[in-house]
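Chemist: Take a look at this one; I'll ask things after.
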Amino acid sequence: MTAGLMAYYIGRHQQFDESIIYFSVLLSSNNGNEVIHIAKRLNSEAIGKVLTQLFSKGGK
């Protein structure tokens with residue numbers, strides 16, 4: 001929890017965008033593994049969509 005508070009404080013002090021502050025708090029907190037899992041899942045879904053589009057168009 002302390003790491004999350006520090007990330008929030010530094011982000012606000014440096015005037016970062018709120019989305020960057022939110023992401024940095026999640027990464028620094030105990031939920032960091034959860035964030036990594038979600039990022040991997042989103043990347044897998046994006047790669048799957050690209051491959052599906054390539055194969056459905058016959059590689060063109």
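Chemist: Of everything in the stretch 1-55, what is at pLDDT below 80 and outside any helix (DSSP H, G or I)? Give them in sequence order.
Modeler: Selection gives M1, S29, N30, N31.
Chemist: May I pose another question? Out of contact with any strand residue (DSSP E or B) (no Cβ under 6 Å at 6 or more places or on another chain), at pLDDT below 80 and not acidic (D, E): does that describe G58?
Modeler: When the stated conditions are applied, G58 passes them.
The values are calculated or read from the model by the stated rules, or taken from the named source; none is laboratory data. What you see is a predicted model; the values in this text were computed from it and never measured. Here Cβ is always computed from backbone atoms with ideal geometry, including for glycine, and neighbour counts include all displayed protein chains.
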